Structures are given as structure tokens and as C-alpha cells.
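What follows is a short report on a single structure.
The values are calculated or read from the model by the stated rules, or taken from the named source; none is laboratory data. Everything quoted here is computed from the prediction, not taken from an experiment. Here Cβ is always computed from backbone atoms with ideal geometry, including for glycine, and neighbour counts include all displayed protein chains.
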Ligand SMILES: Nc1ncnc2c1ncn2[C@@H]1O[C@H](COP(=O)(O)OP(=O)(O)OP(=O)(O)O)[C@@H](O)[C@H]1O
Ligand SMILES: [Mg+2]
């Protein structure tokens, strides 16, 4: 890596405890992502994956611990501020604006940054030529795979430094999962750091640099993706081997 080791990570969760009311979900969770890295966060249902993303974005606030972006403590900052610092999300189930066109959905992605530029559209259409062909179609009428492209394109319209993705493979046929992860890899190679939340450990570890494994709100494993792929416990629990 070309950066000095002393440079702060792009994103850091430092021992966060996140609650919903009295229910303690994330338990002293620490993780970090450096510029340009592709990191996956694995775990079964209800392990706290989406809650981790909500904590990063400030949709829920941790009771203890800190969230830092580029070394700046943003724990008490609003979601909009964090997005302004370079975060974007492709949410669970995509959450498109169904009665709006593909083009309007993409425009919304650049809204917080002050509106889209020609270059923003060009970059997204270059990555997803199909979205250009379908720009006038209502998002709600697209197939699942196409909607995933719109959701990713919309997130990229804000030129994020770190893209958060919540279960991009959910609800997609295996062939589309593979295609989708090829696109994720391509976006990553264009210089965007990514945190991918997934239950599909196989496919995410095949493209990730590093991974974390959550179980009931605690980290139980972390390391280079290559090591996790060989980990016996993980193989038994998630990789079906
Ligand atoms: N708003 C909420 N209020 C109360 N409990 C919640 C809330 N949101 C989530 N939870 C609970 O927190 C726990 C973790 O949920 P979370 O959505 O983070 O899991 P997940 O790992 O993303 O699961 P999945 O793979 O099913 O999406 C679950 O037990 C869930 O019921
Ligand atoms: Mg979830």
C-alpha cells in the first residue's frame, strides 16, 4: 500500500455499543476500512450486520464508542454530514424510488452533493450501459438485477470514497449474483473503497481483501479474505463445506 501506515483509516468503528431501546445489539464492535480496500462483513440473520451499517451512517447512535471518518470523530454528526464526507449506501432490498424513472433515481443520488453533473451520469452509464437504455423506465418495473444496478448507480452518483452495500446478493438468482459481484469488483477497481455486508460468504470472500465475521453483535473472526476462506469454523458455519 502506498499510504503511510500512520494515516487514519477511511472509516473506523472504535468499540461501539449500539442499542435498540434496552436491547444491546452491537457489543464493543471495532472495525476499520482503509482507502481503496474491499472489506466484507459476514454473519447470519439478526447478527447485527444492518445495524453496523446504520451505526456507520448515524441512523442509530452508539451508546459507547466512536465512529471516525478519515480520523474525524463523527459519532455525534448527522447522516447528511457523514454522506458529505464521502459515504454512500446501497440499502437492503435496494429501496429505489419505484414510481420514478431510472434517470430520476440517479439524480437523487447526487442531490445531497448539489445535483448531478454530466460526468456523473457518464461514469454511471459507462459502468451500466443498460441504465442508459432504460433511463426513462419506471424503476419499480425493472427486474431485480436491473434494480440492483440502479441502486449501485444511484450511490455512485455522489462520488463516494466508501460505498456501503447491504446484502447485494439477496433475492438474485446465482447467475445474477456472480454478475453483480463482477460489477462490485469493477467499481472497487475504479478506486472506491467498499464495505459489503453479506450472508453469502463464498462470493464475498472471493473478491474481498479482508473480512469480519459477526455473531450476535460480536466479532468472532477477522482477517485477510484468503485466510478466512481456509478457516475451518467459518467453512462449517457459512461455506457449507
Ligand atoms: N429498529 C429496531 N428496533 C428493535 N430491534 C431491532 C431494530 N432493528 C433491528 N433490530 C434487532 O436487532 C438485531 C440485529 O438486526 P440487524 O438488522 O442488524 O441484523 P442483520 O444481521 O442485518 O440480519 P439480516 O441478515 O436478517 O438482515 C435483530 O435481532 C433485530 O430484530
Ligand atoms: Mg440486514
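Quick one: is residue 145 in a helix (DSSP H, G or I), surrounded by fewer than 18 Cβ atoms within 10 Å (Cβ to Cβ) and either without any contact (Cβ under 8 Å) to a residue 60 or more places away in the chain or within 16 Å of ligand 2 (Cβ to nearest atom) (or both)?
yes
So, in segment 83-110, exactly how many residues are under 14 Å from the mean Cα position of the chain (by Cα), crowded, with 21+ Cβ neighbours inside 10 Å and not in a loop (DSSP other than H, G, I, E, B)?
Qualifying residue count, segment 83-110: 4.
Please verify whether residue 234 is touching a strand residue (DSSP E or B) at 6+ places or on another chain (Cβ under 7 Å), modelled with pLDDT under 95, crowded, with 16+ Cβ neighbours inside 10 Å and more than 25 Å from residue 94 (Cβ to Cβ), treating the condition exactly as stated.
Here the answer is yes, as residue 234 does meet what is asked.
Which count do you get for residues in segment 164-192 that are in contact with a helix residue (DSSP H, G or I) (Cβ under 6 Å, 6 or more places away or on another chain), within 26 Å of residue 112 (Cα to Cα) and outside any helix (DSSP H, G or I)?
3
Does residue 195 count as in contact with a strand residue (DSSP E or B) (Cβ under 8 Å, 6 or more places away or on another chain) and either at pLDDT 95 or above or part of a strand (DSSP E or B) (or both)?
yes
Out of the residues in segment 37-59 that are buried (at least 17 other Cβ atoms within 10 Å of the Cβ) and touching a helix residue (DSSP H, G or I) at 6+ places or on another chain (Cβ under 8 Å), state the one that is farthest from residue 164 (Cα to Cα).
That would be 43.
Look through segment 11-68, keep the residues that are out of contact with any strand residue (DSSP E or B) (no Cβ under 8 Å at 6 or more places or on another chain) and assigned to a strand (DSSP E or B), and return whichever of them is farthest from ligand 2 (Cβ to nearest atom).
23
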